[in-house]
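What follows draws every value from the coordinates through simple rules; no lab data is involved. Note that the structure is predicted; figures quoted are calculated from it, not measured. Cβ: placed from backbone, ideal geometry, glycine included. Neighbour counts: every protein chain shown.
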There are 2 protein chains.
Amino acid sequence: MSDRTPAEAARDIPEATVARLPLYLRALTALAEADQVTCSSEELATAAGVNSAKLRKDLSHLGSYGTRGVGYEVEYLRYQIAREIGVTHDWPVVIVGIGNLGQALANFSGFRSRGFRVVALLDADSQRQSEVVAGLAVRPFDELAGIVAEHGVAIGVISTPAPAAQAVADALVVSGVRSILNFAPTHLAVPEGVDVRKVDLSIELQILAYHEQRKAQPDALDDEVTA
Amino acid sequence: MSDRTPAEAARDIPEATVARLPLYLRALTALAEADQVTCSSEELATAAGVNSAKLRKDLSHLGSYGTRGVGYEVEYLRYQIAREIGVTHDWPVVIVGIGNLGQALANFSGFRSRGFRVVALLDADSQRQSEVVAGLAVRPFDELAGIVAEHGVAIGVISTPAPAAQAVADALVVSGVRSILNFAPTHLAVPEGVDVRKVDLSIELQILAYHEQRKAQPDALDDEVTA
DNA sequence: GTCGGTTTGTTCTCCCGTTCACAAACTCCT
DNA sequence: AGGAGTTTGTGAACGGGAGAACAAACCGAC
């Protein structure tokens, strides 16, 4: 009934907590690179930009790592969170739609370094299929099913124009992909059990614009003729 | 104290509603282009991918547009939402960091068509300053303050590497920018009154990976040695 | 061994957001 | 004009997340 996946609470970790775990993972990685052995919840929370009480509650959902009176062991906690998220091994990813954004995504180093590996770039435009982007040849879109099966791809990224996105999503789902990251500015309808996360640049800007407008106008609101 | 802006509820429209208004605006624009004159809440909600009751409550926060027994007039409602968001006129935007992602953003047509106009591209790398991207010359970063003042820029986009992001944010704030869209994978500390929205690609992927992992494992969880 | 200081894990409360369900209000047909 | 049908706007119940505050647990000193 709902647009979100209602029974997606797989075990018992709240969705809001899941969304913050990558923040903690990143902060812990930075601490580890600075050769810090232990850290307090206060320190880690500051590094991640969240409240320390929230951090402790989040971590309590995955277990009782950490020692009272001492704090958390950086490397140990980092591994535990990585394991919980599932990025102790690499996930194969395909990117569909190799325009400006798709090329930027293919070149994005953050993927490779954080548990993801781009195994194929796909595009329906035959002109792009002669190009090589980020060391990978751009391949025809109809090779999707074979590539997904071959590499065991579970995550697909859509960076096509909006009109093509739904068809691409359908094809991804048919091929067996159950998680989609959608950059196309459109709503995707997918079957139950398939997760879609949306990144929408113009929506983010419009939200900023709303607040910006409110900052500018002190309190003039009702005195407008709108016919 | 908090990392979010606590007193940002400018008037009385809930934040969750504000985040959905751009969705409705987009759906209404699509309906208008299909020459549809009126639409029901059910129809608009389906197009936007949300619940119809949620849609009606959202719209009720901006006023009582719509006619019972009939629905909403597409063009009228579209204008009202655009006015509420503040995209009836264009917002000048600067993009800082013209790497792969910055170039993709500069070329993104959705900005221009949805109330935003990129007025300048900035980069600290002098090698990039000879390039022309999306019809705009890449200019030195130290011209920021002048550009912001000249065009009345209120919104800045950061697409630099993570280590440079905080310094860029500081410079934006000093120049007078009060809204920042941050693509760098790091937490930005900004003064009260400045809004930051974050788009983080690897976090989105990690959230997908978490759910994907839970789909794969039916219910094996505690039986792991972790030392 | 005991005591003080420190930090985690957890409980409790409050608030925001979602959803259901229904009254109010409008149109169209007779 | 009146009634049937339709759709909006909203009141109320419900669930989840945020934050404060505190008890439990650990370390180190004496």
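Remarks
- Sparse-neighbourhood loop sites, trypsin sites (Lys or Arg not before Pro) in the stretch B:17-97 - DSSP loop, at most 16 other Cβ within 10 angstrom: B:Arg68
- Each of B:Arg114, B:Arg214 has some number of other Cβ atoms within 10 Å of its Cβ, and from fewest to most they run B:Arg214, B:Arg114.
- Taking the Kirkwood radius as Rh and the Cα radius of gyration as Rg, the stretch B:10-85 has a ratio of Rg/Rh equal to 0.92.
- Separation of alpha-carbon centers, the stretch B:30-106 and the stretch A:142-201, rounded to whole Å: 25 Å
- Dipole magnitude for chain A: about 660 debye, using +1 per Lys or Arg Cβ and -1 per Asp or Glu Cβ, origin at the Cα centre.
- Gain on full stretching of the segment that runs from B:Arg112 to B:Ala167 - 0.36 nm per residue minus C-alpha separation: 17.1 nm
- Sum of side-chain charges, A:Ala184 neighbourhood, beta-carbon under 11 Å (Lys, Arg +1; Asp, Glu -1): 0
- Its alpha carbons considered, the protein assembly as shown gives a radius of gyration followed by a Dmax of 22.6, 70 Å.
- Exam field: A:Ser64 pseudo-label spacings to other copies (7 Å along Cα-Cβ), nanometres: 5.7
- Cβ-derived FRET efficiency at R0 30 Å, A:Glu192 paired with B:Ile13, nearest 0.05: 0.40
- Using a Gaussian network model of chain B in which every pair of alpha carbons under 10 angstrom is joined by a spring, one finds that among B:Leu208, B:Leu188, B:Leu122 the greatest mean-square fluctuation is at B:Leu208.
- Unit charges on C-beta of K, R, D, E only; dipole of the stretch A:91-204, Debye: 380 debye
- Per-residue Cβ neighbour rank within 10 angstrom, fewest leading, A:Asp90, A:Asp195: A:Asp90, A:Asp195
- For chain B, built as a Gaussian network whose Cα springs stay under 10 Å, the top-fluctuating residue of B:Val133, B:Val94, B:Val50: B:Val50
- Per residue of chain A, the DSSP helices (runs of n ≥ 4 H) give a summed -39500 (n - 2.57) that works out to -13000 deg cm²/dmol at 222 nm.
- Computed over chain A, the P(r) tail beyond 30 angstrom holds 41 percent of alpha carbon pairs.
- Label-to-label distance, A:Arg56 versus B:His151, with points set 7 angstrom from Cα along the beta-carbon direction: 4.7 nm.
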